Amino acid sequence: MLEIRGVTKHFDGVKAVTEVSCTIAKGAITGLIGPNGAGKTTLFNMICGYHVPDSGLICFNSLEITGKPPYAVAAAGIGRTFQNLRTIKKLSTLDNVMLAFNPGASLFASLKKGKERQNRERAQELLAFVGLSDKAEEPAGELSYGQQKLLNLACCRALDPALLLLDEPVAGVNQEMTVKILGLLRDMRDEGIGVLVIEHNMEAVMEVSDRLIVMAGGRVIADGEPAQVRENSEVIEAYLG
Amino acid sequence: MEYLLHILIMIGIYSIVAMSLNLPAGFTGLISVAHAAFYGIGAYTTALLSLKAGIPFWLCLPTGVILTAAIAFLIAWPSLRTRDDYFVITTFAFQIIVFSILNNWVSFTGGPMGIPGIPQPSVFGVPLPSHGAFLCLVAAIGIAVYLFLNRLINSPFGRILKAIREDEIFVQSLGKNVTAYKMAAFVIGAALASIGGGLYAVYISYIDPTSFTVMESIFILSIVIIGGAGSLKGSVAGAAFLVSLPEILRFVGLPNAVAANVRQILYGVLLVLCMMYRPQGLFGEYAFNAHPKERKEVEDA
């Protein structure tokens, strides 16, 4: 579904990502791991249009999206979350979700109030999905850290994405919340959404991923089933060395 | 009585102009110091059309709105490629350009001499007889502007503007073309300011470039900040407060020459105090801040 071919990005001579190629399937959870500075987030940012690759090609459902602006990529059906929390703290939790409706729609469509009730119901459903129904009217800034992570998931889902890119969805949340978030990822996979997850929590990522891609020094060094990857000598070296 | 009506009319005009700036500056976070330029374009359009072409007032206003919107669109195109401080500077540059044109294109704008003898407005061919009638006109237009903006900021469109003020990157990730939204907020704000300009021109019946300087832009921005960024009621309250303040000084008995200077000092002190102790202004819920810390660039790991 998502095809990345020979993508390279350098920042002032620093090779962040070099010649990365891989494909991400729908209806599967793919883990993207690697030591700090491996280029994982840079790869995410290139897929989503926040960085333009120096070379290479990114195709989504056989449509080229290389260098398209972030809003166009999102409207095409790729949702993402960020490493740090990004919510609109002064808007209510429900309003945060509602921001994501009608991606790519014209300004005039956004002015219409007609669809508002329908969208409100859909937003309630999405909040129920992540278990935040009782927080709908509270400002997003008042939610706990873990709850804001859940809200980010609900916002992404409101885009009705075919592919979700999640940057450390369980970093810094407690065990109970981790279990909950991993459960949501599985639910979304079972609905046919492709999920690509960057995660440093090895236990979590090993458990949830159907497939693992390992990056180090801007390159993909391993790609396969978690059990296989765990045995790969290059991977062990990258993590220990 | 006439004096009181005069103050109320000025409060009405400044309320319209401040509310129009609140849309881009208060709700969207686009701090512009070019608002007096748009206000001025509205004033000059009405003045020139009614004086030189004899076009009735009620046709001058919409013409000014369309013209100002078109100019604002052209300005927004390059300006919105920059952000935060750089955006302020590009709007500052535009403000200077407009003032220079008004001041130097003597054959068209009258230059520093201004345009005297702007005809009084009339409604359905009946001239407005008094200050009282004109106040009703200003109030009616002010209420219309308030209702329009209120509707706008409470719509899905307004929700996106408020979100842009807090975190552009997040809004982009939800499939929204942030630049297009900012453009719309800026152009609508400018177009509404021109209505205030048109009212000012026919009310005073004489305009000159000194009414539309960068100081005036800052005064309008002060109304928005002190009233409360992101609050329409705040803009009306701010206008009432800052417009009537120098009038109160008049009653204290200061000589005119001194009062004018004290006024400037007072505005400055008020602005500083407001920033220090009540950054959200009288009615605002948001602290006025060009750099909310949420606006960091996408991080790299």
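The values are calculated or read from the model by the stated rules, or taken from the named source; none is laboratory data. Everything numeric here is computed off the predicted structure, so don't read it as measured data. We place every Cβ from the backbone using ideal geometry, glycine too, and count neighbours over all the protein chains shown. With ligands, DNA and RNA removed, areas are computed over all heavy atoms of the protein, side chains included. Shrake-Rupley method; radii C 1.70, N 1.55, O 1.52, S 1.80 Å.
Structural remarks
- Surface share of carbon and sulfur [accessible, 1.4 angstrom probe, percent] for region B:2-211: 75 percent
- DSSP assigns beta bridges within region A:2-240; of those with both partners inside it, close to 55 percent run antiparallel.
- Each Lys and Arg adds +1 at its Cβ and each Asp and Glu adds -1 at its Cβ; summed about the Cα centre, region A:2-144 shows a dipole of about 220 debye.
- Using alpha-carbon coordinates, inclination of helix A:145-158 to the longest axis of chain A, degrees: 80 degrees
- Here region A:1-124 exposes an accessible surface that is 52 percent carbon and sulfur, computed with a 1.4 Å probe and the other protein chains kept in place.
- Remark: the A:ARG230-A:LEU63 segment gains 56.8 nm on full extension, using 0.36 nm per residue and subtracting the alpha carbon distance.
- Taking region A:179-241 and dividing mean pair separation by its residue count, relative contact order in percent (alpha carbons under 8 Å, at least six apart): 19 percent
- Relative contact order of chain B, defined on C-alpha pairs under 8 angstrom at six or more residues apart (%): 35 percent
- When chain A is treated as a Gaussian network with alpha carbon springs shorter than 10 Å, the biggest mean-square fluctuation among A:LEU126, A:LEU85, A:LEU150 belongs to A:LEU85.
- Rounded accessible area per residue of region A:2-240, 1.4 Å, Å²: 42 Å²
- Highest mean packing comes first when the peptides B:158-164, B:189-195 are listed by Cβ atoms within 10 Å, giving B:189-195, B:158-164.
- Burial annotation for region A:141-173: residues with an accessible-area loss of at least 10 Å² between the isolated chain and the complete set of protein chains, computed on heavy atoms with a 1.4 Å probe, are A:CYS155, A:LEU159.
- Å² of accessible area per residue within region B:15-73, as computed with a 1.4 Å probe and no ligands counted: 26 Å²
- The protein assembly as shown - share of DSSP beta bridges that are antiparallel (%, nearest 5): 60 percent
- Full-stretch length increase - B:ASN104, B:LEU245 - with 0.36 nm per residue and alpha-carbon distance subtracted: 47.5 nm
- Gaussian network model of chain B, Cα within-10 Å springs - most flexible of B:PRO279, B:PRO246, B:PRO121: B:PRO246
- Applying a DSSP loop filter and a limit of 15 other Cβ atoms within 10 Å to the trypsin sites (Lys or Arg not before Pro) in region A:1-95 leaves A:LYS26.
- Nonpolar atom fraction for region A:133-177, defined as the carbon and sulfur part of the 1.4 Å probe accessible area, stands at 41 percent.
- Chain-alone versus full-assembly comparison, region A:80-95, residues with accessible loss of at least 30 Å² (1.4 Å probe): A:PHE82, A:GLN83, A:ASN84, A:ARG86, A:ILE88, A:LYS89, A:LYS90, A:LEU91
- Residue among A:LEU63, A:LEU127, A:LEU182 with the largest mean-square fluctuation in a Gaussian network model of chain A, springs linking Cα atoms under 10 Å: A:LEU63
- Ligands, DNA and RNA excluded, the heavy atoms of B:ARG250 present near 120 Å² of accessible surface to a 1.4 Å solvent probe.
- Dipole of chain B [Lys/Arg +1, Asp/Glu -1 at C-beta], most positive-end residue of B:GLY142, B:LEU21, B:PRO279: B:GLY142
- When peptides B:203-209, A:183-189 are ranked by their average number of other Cβ atoms within 10 Å per residue, the highest-first order is B:203-209, A:183-189.
- Folded to 0 to 90 degrees: helix B:178-204 orientation relative to chain B principal axis, Cα: 10 degrees
- Chain B packed on chain A takes about 3300 Å² of accessible surface away from a 1.4 Å probe, both sides summed.
- Rolling a 1.4 Å probe across all protein chains gives B:GLU2 an accessible area of roughly 100 Å².
- Net charge dipole, chain B: roughly 300 debye, given to the nearest 20, about the Cα centre with Cβ charges of +1 for Lys and Arg and -1 for Asp and Glu.
- Per residue solvent-accessible surface (Å²) - region B:152-253, probe of 1.4 Å: 25 Å²
- Charge dipole (chain B, unit charges on Cβ, about Cα centre) - positive-most of B:ILE9, B:THR179, B:VAL243: B:ILE9
- Acute angle (nearest 10 degrees) that the helix B:57-79 long axis makes with the longest principal axis of chain B, alpha-carbon atoms: 30 degrees
- Sequence-separation-based contact order of region A:2-240, relative, with Cα cut under 8 Å and 6+ spacing, percent: 29 percent
- Placing +1 on the Cβ of every Lys and Arg and -1 on the Cβ of every Asp and Glu, with nothing else charged, gives the protein assembly as shown a dipole about its Cα centre of roughly 1500 debye.
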